[in-house]
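Asks: For reference, the structure I am asking about is given below.
Any read-out appearing in this document is the output of simple, stated calculations on the displayed coordinates, not a laboratory observation. The model shown is predicted, which means the values in this text are computed figures rather than measured ones. Heads up, the Cβs are rebuilt from the backbone with ideal geometry, glycines too, and the neighbour counts pull from every protein chain shown.
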Amino acid sequence: MPMHRRDVLRLMLLMGVSGISLGVAGCGKDESGKPRAIKLGRDVCEHCTMLISDPAYAAQLWDPVRGQQHLFDDIGCATMYAAENGIPDGPETRVWVASSERPGEWLDARAAFFRTDARSPMGYNYAAMGGAGAQRIDFTTMRTQAIERGLCRAPGAERMQRG
């Protein structure tokens, strides 16, 4: 039985709508919990809203409660963002930091060590390394210091704190 032009158009429309539905479903929350490629000069730090431009200091955070990936230009921004937004501090919250030793490689921030003499974008001045050494601190110490410094507040953070 030959298809009429109208039947072909209906079939094409149905296939198009199905394709759009699948595409939209795929654009939902990122369920992978793995670091993703950062588009330098295009992606924005979710804490300070500056463009991420230096791959040696970039960081990412996987928020398991909201099922979202967050990008940062500095590990200090990542720690401040997590603290200010009530993101749980546990193994279910994944944190990655760019390796300053091996460009393009992501390290588990909780297992990394941080040089304290770097010149990072937001002035926290931590650079991630794979192992311990002179002038290197662990993740917990780095996070505590970064939050105590509080160098970078998200736009409007003072207004939220004042009430």
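Asks: I need 53, 100 ordered by Cβ neighbour count within 10 Å, fewest first.
Replies: 53, 100
Asks: With a bin width of 5 angstrom, please list the P(r) values of segment 29-149 as percents of all Cα-Cα pairs, from the 0 bin to the one holding the largest distance.
Replies: Histogramming segment 29-149 at 5 Å steps yields 2, 13, 25, 27, 21, 10, 2, 0, 0 percent.
Asks: Here's another thing I want to ask about it. Near residue 112, within a Cβ-to-Cβ distance under 15 Å, what is the net charge of the other residues, with Lys and Arg +1 and Asp and Glu -1?
Replies: Taking every Cβ under 15 Å from that of residue 112, the sum is +1.
Asks: A further question follows. Given 113, 68, 78, which one lies farthest toward the positive end of the charge dipole of segment 29-149, if we put +1 on the Cβ of every Lys and Arg and -1 on the Cβ of every Asp and Glu?
Replies: 113
Asks: Per residue, what volume in Å³ does the convex hull of the Cα atoms of segment 79-122 enclose?
Replies: 100
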